[in-house]
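Engineer: One structure, as structure tokens, below. Some questions next.
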Amino acid sequence: MNYKISEEDYVSVLEQQLKQKRKSPVQLFVFLLSTAGQMLVVCYLILSTHASGIRAAGLAALSVILTALSLVNFLRLRPRAKNYFRVLRAKGKISEEFWKLHTLKLEGEKLSVRFGSISNSCGITQIRVADNKVNAYLLHLGQTQSIFDIVPYSAFGNEKQRAEFPETIHQAAFQCTSRRSY
């Protein structure tokens, strides 16, 4: 299977990862603390110090602004993903070879990928397929969740092939496991 990964595909994957990260209990706690927590502190300060007039209005306005900024940061994932992508490119964390044609092969018990001068392979049983539900399948390497490769939906000739891809990988891994147990 041959395909290219576009910058848009990559940004969409980053956006989906940010969405997943946002669902973590720690992220939700930090968000709630930075919004509701600071609003409660401001209300307490206004009431306990008997702040009036401009001081109370200033504290309330500052609290509303901080809450709005937290909400914007929490909800606007696309700009954050694009910015993170730019940082990764600028720091050389994404090889220029990555943008070349990818060749994904399943040979026996190995899954291999090649793009440009870079190649990688692993046992098929180590691969977990995740659908980002937007534009690509993510091939995760084992329990580490590091990404082995990104397979954009555009790599498939039709919807049927795309829909069958995760099951094809799963079945290949299952067959390898079954052969080993005999």
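The values are calculated or read from the model by the stated rules, or taken from the named source; none is laboratory data. Predicted model only: the values in this text are computed from it and were never measured. Virtual Cβ from ideal backbone geometry, glycine too; neighbours counted across all protein chains shown. Each accessible area value is taken on the protein alone, full model and side chains, heavy atoms only, with ligands, DNA and RNA left out. Shrake-Rupley method; radii C 1.70, N 1.55, O 1.52, S 1.80 Å.
Engineer: Check Gln20 against each of (1) within 21 Å of Arg80 (Cα to Cα); (2) at pLDDT 85 or above; (3) open to solvent by 70 Å² or more (accessible area, probe 1.4 Å) and name the one condition it does not meet.
Structural biologist: Every listed condition holds for Gln20 apart from (2).
Engineer: Can I ask one more? Please determine, by comparing only the residues of segment 139-162 that are loosely packed, with under 13 Cβ neighbours inside 10 Å and under 21 Å from the mean Cα position of the chain (by Cα), which one is farthest from Ile5 (Cα to Cα).
Structural biologist: Only one residue tops the list, namely Gln143.
Engineer: Condition first: open to solvent by 60 Å² or more (accessible area, probe 1.4 Å), of a type in the set (Lys, Arg) and assigned to a helix (DSSP H, G or I). Now tell me which residues in segment 76-90 satisfy that.
Structural biologist: Arg80, Lys82, Arg86, Arg89
Engineer: Report, ordered by the first and then the second residue, all pairs with beta carbons closer than 8 Å, sequence separation of six or more or different chains, a first member in segment 98-121 that is assigned to a loop (DSSP other than H, G, I, E, B) and modelled with pLDDT of 95 or more, and a second member that is among the polar types (S, T, N, Q) and open to solvent by 80 Å² or more (accessible area, probe 1.4 Å).
Structural biologist: Leu101/Asn2
Engineer: Which of (1) farther than 22 Å from Glu15 by Cα; (2) at pLDDT below 90; (3) open to solvent by less than 50 Å² (accessible area, probe 1.4 Å); (4) among the hydroxyl-bearing types (Ser, Thr, Tyr) is the odd one out, the single condition Ser48 does not satisfy?
Structural biologist: Every condition holds for Ser48 apart from (3).
Engineer: For the list (1) closer than 30 Å to Ile124 by Cβ; (2) open to solvent by less than 50 Å² (accessible area, probe 1.4 Å); (3) of a type outside the set (A, V, I, L, M), I need the number of the one condition that Lys4 fails.
Structural biologist: (2)
Engineer: Now, a different point. In segment 30-75, which residue that is in a helix (DSSP H, G or I) and of a type in the set (Ser, Thr, Tyr) is farthest from the chain's Cα centre (by Cα)?
Structural biologist: Ser48
Engineer: Specify the residue that is surrounded by the most Cβ atoms within 10 Å (Cβ to Cβ); the eligible residues are those in segment 99-138 that are among the aliphatic types (A, V, I, L, M) and closer than 12 Å to Ile5 by Cβ.
Structural biologist: Only one residue tops the list, namely Ala136.
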